[in-house]
Structure formats: C-alpha cells, structure tokens
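Asks: Below is the structure I would like to discuss, written out as structure tokens.
The values are calculated or read from the model by the stated rules, or taken from the named source; none is laboratory data. As the structure is a prediction and not an experimental result, all values here were calculated from the model. Backbone-built Cβ (ideal geometry, glycine too); neighbour counts: all protein chains shown.
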Amino acid sequence: PPGDTAGCTFCHTSPEERCSTCHQRHQFDPAVARRSEQCKTCHWGKDHRDWEAYDIGLHGTVYQVNKWDTEQFDFSKKLSDADYVGPTCQYCHMRGGHHNVQRASIVYTSMGMSMADRGAPLWKEKRDRWVSICDDCHSPRFARENLQAMDESVKDASLKYRETFKVAEDLLIDGVLDSMPKDLCPDWSGQHIWSLKIGAYHDGEAYGGKTGESGEFRMSNCTDVERLCFESVGYFQTYIYKGMAHGSWNDATYSDGSFGMDRWLVNVKQNASRARRLAALEKKVGISWQPEQFWKTGEWLDQLTGPYIVKNHPGKTIFDLCPDPGWLDTH
C-alpha cells in the first residue's frame, strides 16, 4: 500500500542514493550534517529508538545543553578535527568523517533482537573499534565494562522473550490460536507461514512455509498473542539495547524496555490462559468454531502483496517471483 511504501522507503532507500538526505538539499552545508538532529528524521520511532535513547541519555543531555556554544561544539570544523565536549551521533558513528557507518555499526543483529557474538573475528573487530572510539573520553576498561553491561542486558531480555515466545508457540502447536496461520490472509510471501517462525529453527506443518523460511512480523491481521510477542522483542527489547548503548538506563528499564517486556509477558500468559480455557469449554459442549472471514479478506487486506500473488500467480510465492536472490535483501 502507498502508506507503507512512503513510510518505509523514504528512509530505507534515500541515504544510499542521495547526499541531500543528510546534507539538506537547499543548504548542503557540512556544518548542518554534523549536528545530531540531522539523524533523527529516520533514526527514531517505535522499532529503532536511536534518537530517543541518545537524547535522554547522558551524552544527549550534554549535547542539548551545550550545542549552541561554539566553544563546546564547533560544527564548522571537520569531524576529523572535532573536539566536542560530548559526542554527537556523527562523532561516534562516522568516526573522523568516514561515511561508511558499517565500520562502527552495532555488534548485534536486528537492532538488539538477537546476539551476534559467536566468536566471529568481525564481532571482535567491531567491539575493539567501539572501545577505541569511547577511548577519546573514557578509559578502555570503562568502555568495555559498559559494553559488557549492554551485552548482559540483551541476554537477560532474550531470556524473557524466549519465555514469551514459548507460550505463544505452544498455543500454535496445540491448535488453539485464534486464528491459526492457515485461516489468515496470505502473508507477504503469498503463503500462510506463522508470523513468529524463525527459519529452520521452527519447522513443521504447524509453522507453515518451506524449511528455512521465516515468518513475517505482522503489525496487523494476526492474533493478539503474536502481536504482543512482536512488540516485546521488536520494541521493548530494542529499547533495552538502544538505551544501554547510549547511556540511557531509564529507557532500558523504567520508561519502556525491561518494564515493557515484563508487562507483555504477563499479557501473553493471560491471553494463553483464556484461550485454553475457552478451547476446553468449546470441546466440552461440542462447539466447532469457524474463524471469522475478516481474518482472510478486507478492503485493506486485499491490497497487500500476499493476496495479489495468490490471485495473479497461483502456486507461486514471492521467492519464485523475485528477480534475483539479492533482491529481497534490499526491498
């Protein structure tokens, strides 16, 4: 739909294709591009809370208080010559004015939703690079201890999400989700894959899809349990990671992160308890419930990719139709 296209592609295509995304078309002034606010058009919001975490963290507070003082923040200087009283987004993530932000990208996959440290040399290389960046203002030991605290926070959040996920997964396996994947509108691939299926980790008839295929985190047209699971890991766990990464411990704990995951775990368990009680009652009185049609079709649902594929390319999925293997990585 146009709304989804405008909402996603404005940020996810523009920086690589045109300089004016950061440098502003009417000025094209490097001094403007060096300010932290220049990043927040894209790097903020529900599922990538970079700006919020930075803004209310210690580093962001130092920036907001001093940013108009040219002695503390002289944006006329190149980043390679900058000597700020506190870090901007660009100072750390574009070290020395380097435009390849992947050099100092996050060491986690999926913005903190899963751990990436499996002993890969690249992980150690990026961690060492971050310590060297922090070393401009802090000792290497201080930097490593704070990054380790971030690691442990993400591990704890992952434990919490796995418990949340298991409750939802058991509902699927026992066939008491309302509605089951087969009773929903086709997903973006033109199939009926469970939205929380993760590749080959969760294969089998109940999950749908072929071996190795992953489900689509759905914003709509899924059970409340699935949506809560998505928000738990896609929103709250990323808040924990982003908060710890940017010195915003309130964001990681009280305001949303950890406390949000706690509440959503309670909600998922409560939903599961009700679903099982209802299923037991229906079985006892002999009710055979048929899923509502609004799960399968609707004015908005019918405009999505999945129904289009099913209607116009019967028997095909998006994986059969994509031009080349790399296409799905960039669209």
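Asks: With the condition kept exactly as written, say whether any residue in the stretch 251-268 is touching a Phe, Trp or Tyr at 6+ places or on another chain (Cβ under 6 Å), touching a residue at least 24 places away in the same chain (Cβ under 8 Å) and within 27 Å of Pro307 (Cα to Cα).
Replies: Within the stretch 251-268, not a single residue is touching a Phe, Trp or Tyr at 6+ places or on another chain (Cβ under 6 Å), touching a residue at least 24 places away in the same chain (Cβ under 8 Å) and within 27 Å of Pro307 (Cα to Cα).
Asks: Just to verify a result, which residue in the stretch 124-167, among those that are among the β-branched types (Val, Ile, Thr) and out of contact with any Gly (no Cβ under 9 Å at 6 or more places or on another chain), is nearest to Ser110 (Cα to Cα)?
Replies: Thr164
Asks: Take the residues in the stretch 204-223 that are without any contact (Cβ under 8 Å) to a residue 12 or more places away in the chain and under 23 Å from the mean Cα position of the chain (by Cα); name whichever of them is surrounded by the fewest Cβ atoms within 10 Å (Cβ to Cβ).
Replies: Ser220
Asks: Right, another one. So which helices (runs of 4 or more DSSP H) stay within the stretch 237-331 end to end and still have 1 or more residues that are β-branched (Val, Ile, Thr)?
Replies: Filter on the stretch 237-331 gives 238-245, 257-285, 305-312, 318-321, 327-330.
Asks: Here is a further query. Just to be sure, is Glu169 at pLDDT 95 or above, touching a Ser or Thr at 6+ places or on another chain (Cβ under 6 Å), in a helix (DSSP H, G or I) and among the charged types (D, E, K, R)?
Replies: No, not satisfied.
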